[in-house]
Amino acid sequence: MIGERLVEDMTDAERERAQRVDAVLPALRAAAEEADRLGAFPPGHVALLRDAGLLGLVVPEKFGGLGGTLRDLAAATFAMGTACPSTALAFFFHNTSASRGLLPLEAIDAGLFADHEVPVVRGFAEKVLTRMAEGRWLANFASEAVKTAAANITIATTARKADGGWILRGEKSFGCATGIADFYLTSAKLEGYDTAEGLATFFVPRDAPGVRVRAPWDGLGMRATANNGIRLDEVFVPDDEALAVPGAFTKMLTMSRGSFVGNQLAIAAVYTGCAQHVYDETLAATTTKTFADTGAPIASSPVHQVLIGEMTEQLQTAYLWLRYQLMIETAEPPIKPKPEVFTQWRLGKGAVTEACFRVALGAFKAGGTSAAAMSGVAGRALRDLAMGLVMTFPAERGMLEVARIVTDAKANELFATAPASADR
């Protein structure tokens with residue numbers, strides 16, 4: 001299985017789930033170039049992944065899913081990234097929806113909710129998981145154009161109470177599978193709250209009155225993700241389609257093992273899969289094509305030797321960071337406290353995405369002018385992997401945050417109480 005190139009120690013159960021992923025890769029690969037050219041997510045991929053059972057990949061078996069974990073998701077997004085990074089990215093965001101089901105249930109088990117809150121939280125969480133297992137595609141809409149200095153994601157979309165439900169207003173600037181997903185799992189802030197305690201989550205049907213698709217996204221990154229975003233104009237959501245318990249969002253986040261909701265490294269696996277593919281294609285092209293005058297492979301030239309060496313180093317750098325992060329986020333029992341896992345990810349995300357982009361840059365240089373085509377593997381990879389440099393946060397922000405964590409801790413060590421003898 002292709003996913004074993006990343007997750008090298010798969011169990012038998014993980015290998016069986018990975019076989020489902022491998023089975024869909026030929027179709028993803030065949031459609032990738034045309035999807036990129038059109039800038040459109042292939043709608044047939046929804047049925048393809050649904051029929052393979054993959055929309056419930058990380059849903060526990062008791063809710064009808066395949067019972068996979070973060071290891072399965074990382075292997076799957078990596079493998080899909082070698083075939084069609086756009087589909088892999090959209091699939092990743094669908095699977096992030098599972099955190100809105102799994103983490104609240106863990107928070108209930110941890111006793112974080114009052115007795116009267118438990119039925120509402122449990123009902124919503126189980127609805128997320130069962131819908132995924134049934135093959136419903138969930139688009140996870142959180143990001144917005146509004147920015148603040150205090151957070152990577154700022155929620156300005158509002159939810160005000162109405163008879164029997166909630167009224168949503170706002171705009172989501174980033175969310176894969178716009179117009180494709182069955183439901184938009186939408187984050188909004190409850191009216192009257194100015195902190196994260198007021199964040200709530202809502203099921204918004206794709207065709208609900210008041211839902212409009214924003215202008216087509218003509219981005220530098222993965223073009224076939226249906227990443228247009230939505231506008232919500234007085235959209236009504238019934239009470240039983242909402243998790244609007246104050247504090248529920250922050251309580252569930254405390255249950256994640258790592259960053260944010262605990263599955264973000266699987267997005268870095270998408271980029272690593274893309275980088276692996278462009279690396280393989282470059283190596284194949286430069287070792288089979290020869291110089292007209294000498295007959296030697298193009299890869300034998302000093303320039304190409306340097307480029308291939310650098311690409312190999314960068315690709316292995318991505319693997320090392322990603323595998324280590326995967327290990328510390330899935331080890332049982334945990335081997336590192338959550339703050340350390342979080343800190344590691346702030347460095348790791350940037351390290352992986354920067355390394356993957358450099359692989360594509362090396363492929364672009366190795367291909368020369370004749371291979372510098374928008375529809376070529378190197379050209380597509382260069383654009384696809386550029387998105388990783390900025391998505392969620394750039395490497396520089398991660399390094400800055402880690403530096404502050406480290407230096408603040410060190411500063412605290414500069415002050416200590418003197419032993420009694422020092423006063424004499």
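The values are calculated or read from the model by the stated rules, or taken from the named source; none is laboratory data. Values in this document were obtained by computation on a predicted structure and should not be read as measured data. No Cβ is skipped: glycine too gets one built from the backbone with ideal geometry, and neighbour counts run over all protein chains shown. SASA here: full protein model, heavy atoms, side chains in, ligands and nucleic acids out. Shrake-Rupley method; radii C 1.70, N 1.55, O 1.52, S 1.80 Å.
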Which of the residues spanning segment 14-67 are closer than 24 Å to Gly219 by Cα and not in a helix (DSSP H, G or I)?
-> Gly39, Ala40, Phe41, Pro42, Pro43
Please go through segment 1-13 and pick out each residue that is assigned to a helix (DSSP H, G or I) and closer than 18 Å to Asn95 by Cβ.
-> Ile2, Gly3, Ala13
From the option list Thr87, Thr77, Thr82, single residue qualifying as assigned to a helix (DSSP H, G or I), farther than 20 Å from Thr186 by Cα, in contact (Cβ under 8 Å) with a residue 24 or more places away in the chain and touching a Pro at 6+ places or on another chain (Cβ under 8 Å) is Thr87
So is Asp233 out of contact with any Lys or Arg (no Cβ under 6 Å at 6 or more places or on another chain) and open to solvent by 60 Å² or more (accessible area, probe 1.4 Å) or not?
-> yes
Any residue at all in segment 79-88 that is open to solvent by less than 30 Å² (accessible area, probe 1.4 Å) and over 21 Å from the mean Cα position of the chain (by Cα)?
-> no
Checked Met391, Met311 against criteria (under 23 Å from Val7 (Cβ atoms), surrounded by 15 or more Cβ atoms within 10 Å (Cβ to Cβ), at pLDDT 90 or above and of a type in the set (A, V, I, L, M)); the one match is Met311
Pairs, first under 15 Å from Thr312 (Cα atoms) in segment 283-295, second of a type in the set (Val, Ile, Thr), C-beta under 6 Å, six or more apart = Thr286/Ile298
Is at least one residue of segment 160-176 aromatic (Phe, Trp, Tyr), under 21 Å from His94 (Cβ atoms) and open to solvent by less than 40 Å² (accessible area, probe 1.4 Å)?
-> no
Residues being closer than 17 Å to Leu70 by Cβ, open to solvent by 60 Å² or more (accessible area, probe 1.4 Å) and of a type outside the set (Lys, Arg): count how many of those fall in segment 2-15.
-> 3
Unmet criterion (only one of (1) surrounded by 13 or more Cβ atoms within 10 Å (Cβ to Cβ); (2) assigned to a helix (DSSP H, G or I); (3) free of Cβ contacts under 8 Å to residues at least 12 places away in the same chain) for Lys336 = (2)
Residue satisfying condition, being assigned to a helix (DSSP H, G or I) and modelled with pLDDT under 85, within set Lys410, Lys349 = Lys410
Condition test on Leu361, is it modelled with pLDDT of 95 or more, part of a helix (DSSP H, G or I) and surrounded by fewer than 22 Cβ atoms within 10 Å (Cβ to Cβ)?
-> yes
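Results for (1) open to solvent by less than 80 Å² (accessible area, probe 1.4 Å); (2) in contact (Cβ under 8 Å) with a residue 60 or more places away in the chain; (3) in a helix (DSSP H, G or I), shown as yes or no for each residue.
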residue	(1), (2), (3)
Asp194	no, no, no
Asp218	no, yes, no
Met222	yes, yes, no
Thr225	yes, yes, no
Every listed condition ((1) farther than 28 Å from Thr178 by Cβ; (2) of a type in the set (Gly, Ala, Ser); (3) over 19 Å from the mean Cα position of the chain (by Cα)) holds for Ala35 save (1)
Hey, Thr186 at pLDDT 90 or above and either closer than 13 Å to Glu171 by Cβ or over 22 Å from the mean Cα position of the chain (by Cα) (or both) or not = yes
Subset of segment 315-333 (residues that are open to solvent by less than 10 Å² (accessible area, probe 1.4 Å) and of a type in the set (Val, Ile, Thr)) = Ile328
Over segment 189-236, the set of residues aromatic (Phe, Trp, Tyr) and at pLDDT 90 or above is Phe202, Phe203, Phe236
State whether one or more residues within segment 247-268 are loosely packed, with under 14 Cβ neighbours inside 10 Å and either part of a strand (DSSP E or B) or over 16 Å from the mean Cα position of the chain (by Cα) (or both).
-> yes
How about segment 36-57: which of its residues are crowded, with 21+ Cβ neighbours inside 10 Å and over 25 Å from Glu134 (Cα atoms)?
-> Asp36
